[in-house]
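My structure is below; once you've seen it, I'll send some questions.
The values are calculated or read from the model by the stated rules, or taken from the named source; none is laboratory data. Here the structure is a predicted model, which means the values were calculated and not measured. A quick note on method: Cβ atoms are made from the backbone with ideal geometry, for glycine too, and the neighbour counts reach across all protein chains shown. Accessible surface areas use protein heavy atoms only, side chains included; no ligands, DNA or RNA. Shrake-Rupley method; radii C 1.70, N 1.55, O 1.52, S 1.80 Å.
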Amino acid sequence: MFPNSTILKTIFLDTGVLIALLVGIGFWWRTAVRHYYLPCPFWLAWLLENPYMETLAGSSVILDRLNLSPGMQVIDVGSGTGRVAIPAARRVAPNGQVVALDSQSGMLQKLEQKASANSVTNIRTFLSRIEPGVLEHNKFDRALLVAVLGEIPDREAALQEIFAALKPNGILSITEVIPDPHYQTLGTVRRLAEAVGFMPSDYYGNFLVFTMNFIKPDTA
């Protein structure tokens with residue numbers, strides 16, 4: 001038997017309310033993050049580690065675009081539970097290292113558990129926000145920001161800190177994915193990165209999901 005019209009109307013109404021609520025929360029979150037530090041909470045980490053994310057922005061695809069090699073020093077800003085940081089650590093082993101920076105201890109604890117379970121020993125967790133003075137200068141060959149840039153209230157200051165932390169000719173890789181509520185357009189990403197001294201390099205993807213790589217000039 002088919003549901004009657006009253007039941008169908010109730011289902012459609014409830015679905016519409018849920019969608020409106022999610023859109024409203026996303027809009028509020030996107031606006032509030034310009035004034036407050038509101039990263040994706042630990043209990044929503046599954047939003048970053050699921051088949052959708054792996055299909056559109058899989059860790060192997062992102063890392064293939066970085067030309068990683070053994071011995072490199074990499075920083076993953078807003079690493080979460082290690083979806084990209086752990087496979088990156090494997091690629092720069094045995095004498096390279098990945099620094100996984102995140103502002104939430106729960107994310108880093110989960111990352112450490114996963115790294116240990118997979119016998120990955122060349123990854124160091126760093127509990128901190130990305131802000132001026134937290135990183136060693138001219139230290140890293142590569143820096144990653146995967147669906148993170150929009151969560152940072154002062155994006156310019158964060159990119160300046162990453163710029164200083166990279167070695168000359170080091171690469172910053174920024175990946176953005178819809179429907180992340182903090183999604184940044186390609187134009188915004190380029191404007192912010194170029195404003196602190198980065199030079200645009202390679203672009204991959206489309207408006208739905210893209211990776212943009214930038215180089216720190218060796219004259220910086």
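Please verify whether the stretch 157-179 includes one or more residues that are assigned to a strand (DSSP E or B), closer than 17 Å to LEU63 by Cα and at pLDDT below 95.
yes
Continuing with this model, one more query. Considering only the stretch 193-208, how many residues are of a type in the set (A, V, I, L, M) and buried (at least 20 other Cβ atoms within 10 Å of the Cβ)?
Here the count works out to 2.
Another question, then. Quickly run through the stretch 77-113 and pick out the residues that are charged (D, E, K, R) and modelled with pLDDT under 95.
ARG83, LYS110
Residue check, ASN138 against (1) open to solvent by less than 10 Å² (accessible area, probe 1.4 Å); (2) part of a loop (DSSP other than H, G, I, E, B); (3) in contact with a Pro (Cβ under 8 Å, 6 or more places away or on another chain), all met but one. Which one?
Result: ASN138 passes all but (1).
What residue, of THR125, THR121, is open to solvent by 30 Å² or more (accessible area, probe 1.4 Å), of a type in the set (S, T, N, Q), within 16 Å of ALA85 (Cα to Cα) and part of a loop (DSSP other than H, G, I, E, B)?
Exactly one of THR125, THR121 is open to solvent by 30 Å² or more (accessible area, probe 1.4 Å), of a type in the set (S, T, N, Q), within 16 Å of ALA85 (Cα to Cα) and part of a loop (DSSP other than H, G, I, E, B), namely THR121.
Something else: From VAL98, VAL74, VAL148, grab the single residue that is of a type in the set (Val, Ile, Thr), under 19 Å from LEU159 (Cα atoms) and open to solvent by 10 Å² or more (accessible area, probe 1.4 Å).
That would be VAL148, the only listed residue that is of a type in the set (Val, Ile, Thr), under 19 Å from LEU159 (Cα atoms) and open to solvent by 10 Å² or more (accessible area, probe 1.4 Å).
For every residue, the table says whether it meets (1) over 23 Å from GLY71 (Cα atoms); (2) aliphatic (A, V, I, L, M); (3) open to solvent by less than 30 Å² (accessible area, probe 1.4 Å).
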position	(1), (2), (3)
ARG142	no, no, yes
PRO153	yes, no, no
ALA157	yes, yes, yes
ASN169	no, no, no
VAL177	yes, yes, yes
LYS216	no, no, yes
